[in-house]
Amino acid sequence: MGVRRDAREAAVQYLYQREMQGDLSDQALQEFYEMRGLSPSGRRFCDELLKGWIQHHEEIDAVIAKYARNFEFKRLSAVDRNVLRIACHEILFRSDIPPAVAINEAIEIAKKYSTEDSGKFVNGVLDNIRKQEPPAR
């Protein structure tokens, strides 16, 4: 597995952990990194993804809610919701990452940690975001 894929998976796992524990602080991040065992470059990229989502979380969640048609945001699977958060951040705020790469990575992570149908759902939501939302970079 590539360093960036591992970092993306870690970012999704950390957001999922935060959400499930109801702990919205970043106190547990260091402990998470120690447990997760990311490489130094993976950790740097994961940090960038997490900080980007934290900085823009309201905007990112609103965009996801807008394009997750027929799905109430809070009723999305927690895994799918957090995969979408990381990928949406990459699409809207990371000019160094092609949107197609962010979408493909999100699909693969969703299929790995959620369901086969999650890959299709994630693809549909993110492709609509890519086509209709201007990058905020």
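Cross-link check: pairs Lys66/Lys131; Lys51/Lys120; Lys74/Lys111 evaluated at a Cα-Cα cut-off of 22 Å; pairs beyond the cut-off: Lys51/Lys120. Helical runs (DSSP H, four residues minimum) scored at -39500 (n - 2.57) apiece and divided by the length of the chain put the mean residue ellipticity at 222 nm at -25500 deg cm²/dmol. Karplus-based coupling profile of the range 105-116, in residue order and whole Hz: 4, 5, 4, 5, 5, 4, 5, 6, 9, 10, 10, 4, with θ = phi - 60° in 6.51 cos²θ - 1.76 cosθ + 1.60 and x standing for Gly or Pro. Applying the criteria of a DSSP loop state and at most 13 other Cβ atoms within 10 Å to the trypsin sites (Lys or Arg not before Pro) of the range 40-83 yields Arg69.
The alpha-carbon positions of the range 8-59 define a convex hull whose volume is 76 Å³ per residue. Taking 0.36 nm per residue of separation and subtracting the Cα-Cα distance, full extension of the segment from Asp127 to Lys51 would add 25.0 nm. Could you work out how far helix 3-21 tilts from the main Cα principal axis of the chain, as a 0 to 90 degree angle to the nearest 10? The angle comes out near 90 degrees. If R0 is 25 Å, the Cβ-Cβ spacing of Glu72 and Glu19 corresponds to a FRET efficiency of close to 0.95.
When you filter the GluC sites (Glu not before Pro) in the range 1-98 for DSSP loop state and at most 12 other Cβ atoms inside 10 Å of their Cβ, you are left with Glu72. Rounded to whole Å, give me the distance from the Cα center of the range 10-70 to that of the range 78-137. Taking the Cα centre of the range 78-137 as reference, the centre of the range 10-70 is 14 Å away. By the Kirkwood approach, averaging reciprocal distances over each pair of separate Cα atoms, the chain gets a hydrodynamic radius of 14.8 Å. Take the Cβ atoms of Ala62 and Glu108, set R0 to 22 Å, and the FRET efficiency comes out at 0.30. Modelled spin labels at Ala136 and Glu31, positioned 7 Å past Cα toward Cβ, are 3.0 nm from each other. Here the Karplus relation 6.51 cos²θ - 1.76 cosθ + 1.60, evaluated at θ = phi - 60°, turns the backbone of the range 46-56 into coupling constants of 4, 4, 4, 5, 5, 5, x, 5, 4, 5, 10 Hz, with x for every Gly and Pro.
A short reminder: the numbers here are calculations on the coordinates, not readings from a lab. Quick caveat, the model's predicted, so the values are computed rather than measured. Cβ coordinates were reconstructed from backbone atoms using ideal geometry, including for glycine residues, and neighbour counts include every protein chain displayed.
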